[in-house]
1. As a check on your grasp of the helix formula, calculate [θ] at 222 nm for chain B: sum -39500 (n - 2.57) over DSSP H runs of n ≥ 4, divide by the residue count, round to the nearest 500.
2. Once you've got the GNM for chain B with C-alpha springs shorter than 10 Å, pick whichever of B:71, B:260, B:176 has the biggest mean-square fluctuation.
3. Check residue A:34: other-chain or 5+ apart residues with amide H under 5 Å from its amide H, H built from backbone geometry?
4. Quick one: the Cα spread of the protein assembly as shown along its three principal axes, in angstroms, biggest first?
5. What share of the DSSP beta bridges in the protein assembly as shown is antiparallel, in percent to the nearest 5?
6. Per residue, what accessible area does the protein assembly as shown have, given a 1.4 Å probe and all protein chains present, in Å²?
7. Anything losing 40 Å² or more of accessible area from the isolated chain to the full protein assembly: pick those residues out of the range B:203-244, probe 1.4 Å, ligands and DNA/RNA ignored.
8. Between B:46, B:334, B:243, which gets the highest mean-square fluctuation from a Gaussian network model of chain B, Cα cutoff 10 Å?
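The values are calculated or read from the model by the stated rules, or taken from the named source; none is laboratory data. Please read these numbers as outputs of a predicted model, since none were measured by experiment. With ideal geometry, Cβ positions are generated from the backbone for all residues, glycine too; neighbour counts draw on all protein chains shown. Only protein heavy atoms, including side chains, enter the accessible area calculation; ligands, DNA and RNA are left aside. Shrake-Rupley method; radii C 1.70, N 1.55, O 1.52, S 1.80 Å.
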Amino acid sequence: MSVFINKKTKVVVQGITGRDGSFHAGQMKAYGTKVVGGVTPGKGGTRVNGVPVFNTMEEAVAKTGANTSVIYVPPAFAVDAIYEAVDAGIKTIVCITEGVPANDMMKVYPYLKKNGARLVGPNCPGLISPDESKVGIMPGSIVKKGPVGVVSRSGTLTYEAIWALTCEGLGQTTCIGIGGDQVIGTNFIDCLEAFQTDPATKAIVMIGEIGGSDEEEAARFIKKKVTKPVVAFIAGQTAPPGKRMGHAGAIISGGTGTAAEKIAALNKVGIPVAASPTEIPGLMKELMGRSTKKVAVKKVKKTARKPTPKKKTGGKKKTAARKPAAKKTTGKTRATKTTRLTSLKKAAKKSKTKTTGAKKKTARKTGKSKKA
Amino acid sequence: MKIHEYQAKEIFADAKIPVPAGEVATTPVEAFEIAQRLNRPVMVKSQVHVGGRGKAGGIKYAENAEAAKVLAHQILGMDIKGLKVKKVLVTVAEDIISESYVGIILDRATKNPVIMVSPAGGVDIEEVAAKTPEKIFKLYVDPVEGLQAYQARNLAYKLYRDIGQVRKAADIIMKLYGIYWDVDASLVEINPLITNTGGEVIALDAKLNVDDNGLYRQPQVAAMRDLDAEDPYEVQAREGDLSFVKLDGNIGCIVNGAGLAMATMDLVKRYGGEPANFLDIGGSSNPEKVVTAMRIILSDPKVKAILINIFGGITRCDDVANGIVAAFKQLSPSVPVVVRLTGTNEKQAYEILKSVNLPSADTLDNVVKKAIELAGE
């Protein structure tokens, strides 16, 4: 199982004749995604990577029965592409395009809502449900089927975290990159809700960054609605206020949106925040171990090594993760591991001993914000 | 992107929002001449992209043109929060009866623009918000329907009693909202919006930030970019299509992806180092970008080691490796460089890097520790 995209997902690529569109149409197809068509006005009737190209979304949907679209068109045309997808009846739209003006996003968002369509992005890497479907640009080689749902505002940082999970034998149900812009179609809460509902997802990794208050809102939501274990990571503790750190959304303004505030909010509801992406799997195993009697982790570990993209295994072990992740030590400090320094690859190989091995814990202060 | 107060006031004036008469000067003599033309007491206001100019001594009152000249001499060249003042706005000094605040920003949670007004203007509005939140009034505007006149009027009533002033303020709020959309602003702010002895309502100050993503369709605003007021390396980086922010440490960082770049910086700090910069080479890995990135980082004398962390997805590690080799040829760096390349074409990349014989590490944590170690040597 998975969320938002699965084996039945039939994708139309908007902007399929462009450099990115054509390349990633090929990559998605190679991964096994049902790429049923592409759209580029004026290029209808041609083919790209064996995929039929149409002039309009309306035609593409009528001829292919697509239910999902992925957008690779330049920023000036991206919002138009979103409207076109909505009007063609598409319910899941993934916008990879970076640089879409916030004003345009504010206007199109109510239209999506009104029409019951979901937008993921813009400025995002898309989604991947291992062994089922990939919509976007995430590398298929780093994922592995399994019980963890991953949601993130970043791109490569997400890959880093996914890879760490995969190396430690923790596969994924679906990995979602929600995008680094200020106005995005799908936020943490939407994804948390979907993961909570999805029976295959036993635990959740949430990767946030500075700017806005989505992580704080997610923390409140988790406290109320999420019973599955959640591990978080927040990037940007060293980011100075007032400077945009690449992503349009990653800016500390007016003293809010700092990593310290977000970490504190998450810790407050009992969610451990990893100090490094490589610590995520360890924390996750701890939580999953605590929240379930029989630990699937042990089992999975056998297969833990640099995985190959084609392999399909794992994740079948039932890990009834029930108990709420909260309860554990809450409050101002939160223990995180600092000694997971061994290389992932090496670690993966001798993983037998690892989790039980000596691990030093250090308290990570969360209260001291305003570090500039 | 930020623009200066005088530029924002040009935009305000074009939209018929009342602003005090004034002009910008780059020399004391120019300031003198402007003050003479205005023929009234003036304010001499430093034009830098930073708040708190007044407190820093960058805004001064001048009784006459001679005084304006002296003050301009003082203020020009002044350092305000690390930024050198290169321009001053010489503008009519108004007699202030009341000061209020009007601002519009994007509210991320509701995905709507939010208009904020407060009768407690003229001071640090964030402090007002923190200490006396009841003095801040907010209106979330439907981005599709736009701002209605009655809504602007209701906000104006929070600021003034007199119906004449309410109408004037409502008109200003409507126009400000228009500007917000028309120039793809991410923030417009009047602090303070004043009433003077003549009963007029005037935007005494003006702040306007523009959404970088909207700049492509705002050529007139894009042309207002003051390269002089920005960090020269950040300018260079932007021209090279890199995202770069200068920091104070000694470990230069070259990373692909903003989130990973931040996480890398955080780890540098965590393991006891100080990052010298944020630098995201972006998704496509044109080798030329790596050269530009290295050049920018090497121009900072504080940098003692460079850390290159690439998680190859679309970015191909071999492209980055080629860039590193090219950078070594062109720049022959005098500080150690440590790399960690993983993902797409990682093997080929390390093959390519053999020619420059660099220390490498296999994980994010290890490359960071290695860089810190090398910087300490």
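1. Details: 13 runs with 141 residues, N = 377.
Roughly -11500 deg cm²/dmol at 222 nm, from the helical runs in chain B.
2. Maximum among the listed residues: B:260.
3. A:11
4. Reported extents, whole Å, longest axis first: 83, 64, 56.
5. On the way: 61 of 112 bridges.
Counting DSSP beta bridges with both partners in the protein assembly as shown, the antiparallel share is about 55 percent.
6. Details: 29800 Å² over 749 residues.
Here the residues of the protein assembly as shown average 40 Å² of exposed surface.
7. Listed in order, they are B:211, B:213, B:216, B:217.
8. B:334
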